1. Tell me the residue from 28, 91 that is in contact (Cβ under 8 Å) with a residue 60 or more places away in the chain and assigned to a loop (DSSP other than H, G, I, E, B), please.
2. Of all residues in the range 105-148 being surrounded by 24 or more Cβ atoms within 10 Å (Cβ to Cβ) and more than 12 Å from the chain's Cα centre (by Cα), which is modelled with the lowest pLDDT?
3. Could you tell me how many of the residues in the range 312-328 are part of a loop (DSSP other than H, G, I, E, B), out of contact with any strand residue (DSSP E or B) (no Cβ under 7 Å at 6 or more places or on another chain) and surrounded by 13 or more Cβ atoms within 10 Å (Cβ to Cβ)?
4. What about residue 180, is it in contact (Cβ under 8 Å) with a residue 60 or more places away in the chain, in contact with a strand residue (DSSP E or B) (Cβ under 8 Å, 6 or more places away or on another chain) and surrounded by 17 or more Cβ atoms within 10 Å (Cβ to Cβ)?
5. Regarding residue 174, is this residue within 17 Å of the chain's Cα centre (by Cα) and at pLDDT below 90?
6. Identify the residue in the range 316-337 that is in contact with a helix residue (DSSP H, G or I) (Cβ under 6 Å, 6 or more places away or on another chain) and assigned by TED's automatic domain parsing to the domain that holds residue 118 and, among all such residues, is nearest to residue 277 (Cα to Cα).
7. Determine which single condition residue 294 fails, assuming it passes every other condition in (1) surrounded by fewer than 21 Cβ atoms within 10 Å (Cβ to Cβ); (2) part of a loop (DSSP other than H, G, I, E, B); (3) touching a helix residue (DSSP H, G or I) at 6+ places or on another chain (Cβ under 8 Å).
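The values are calculated or read from the model by the stated rules, or taken from the named source; none is laboratory data. Since the structure is predicted, the reported quantities are computational estimates derived from the model, not experimental observations. Methodologically, a virtual Cβ is constructed for each residue, glycine included, from the backbone with ideal geometry; neighbour enumeration extends over all protein chains shown.
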């Protein structure tokens, strides 16, 4: 009986210090042996957002403990690990460098392969950890730092169909929450506020709603929220604004996803139509229900990672490491941290002034 590969994944791209051990069973199905995540919510709470220097310091303080805990929780011996996979980008460079350096050092000390992982590829492959998933599939990645539609053709081959030209969706949620007086991270609380509000109370803008293909924009929406929030006097008005914001987001995603479906179908000869929604915002139940209904209408199979795998975690990094290990796609120990690192290397950078749609 051949030994199944055991991969250690390390994630430190933003404000979660995480480590995970992933292997696969005899049927070749990925198995999570441990998945340890240490959040820094308390570190950044008073600042209303992530402070890179504080995040990096917290990573340095915790990384050794978190990795050792992941190994201990998995029940394996450290010498059983076959490769170390660390997030190399995109993300905050001072944070990426912590997990990347630790992973390289451990790889060198154990004399095992090192695998540099694109954080976005981790999200793209995360559903493989708890569902059977065949290529190609359409991916919508919606997180605090990223919002994009990707045609996932196979491991290492991606085509970006659309992206945000300004704020990421998770960032728009967090900024809206902050304007409503919700403590950081406030995005998940928007859904709770919205349940108590009238979603038709405020008519909010939908930037590039009727142009730009399946590209998205949220900055104008955030500006409108800012103006309205200054006039709010009651708790009920806060609930109404949260509900109106969430409905507007749903309307935008509903339309842009239909455009992405058409683009995806043009790109591929499909035996089955699969749509994966991943990233932290994919945990929002209101958004999930909209996508489920849309997929049923358009005859798409919908797949969400489990809630625990929606946000940043190391199991998804180890999952990419496992796939790359099996095809011997290893990296040198001088692999650099990449604050910007697109999955589709041919895609244009789409943020900032002068973007043409």
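1. The match here is 91.
2. 129
3. 0
4. For residue 180, the condition - in contact (Cβ under 8 Å) with a residue 60 or more places away in the chain, in contact with a strand residue (DSSP E or B) (Cβ under 8 Å, 6 or more places away or on another chain) and surrounded by 17 or more Cβ atoms within 10 Å (Cβ to Cβ) - is not met.
5. Taking the combined requirement at face value, the residue satisfies it.
6. Only one residue tops the list, namely 316.
7. So residue 294 meets the others, but not (2).
Per-residue answers, yes or no, for (1) assigned to a helix (DSSP H, G or I); (2) farther than 18 Å from residue 190 by Cβ; (3) in the same structural domain as residue 195 (by TED's automatic domain parsing); (4) over 20 Å from the mean Cα position of the chain (by Cα):
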site	(1), (2), (3), (4)
255	yes, yes, yes, yes
262	yes, yes, yes, yes
265	yes, yes, yes, yes
269	no, yes, yes, yes
282	yes, no, yes, no
287	yes, no, yes, no
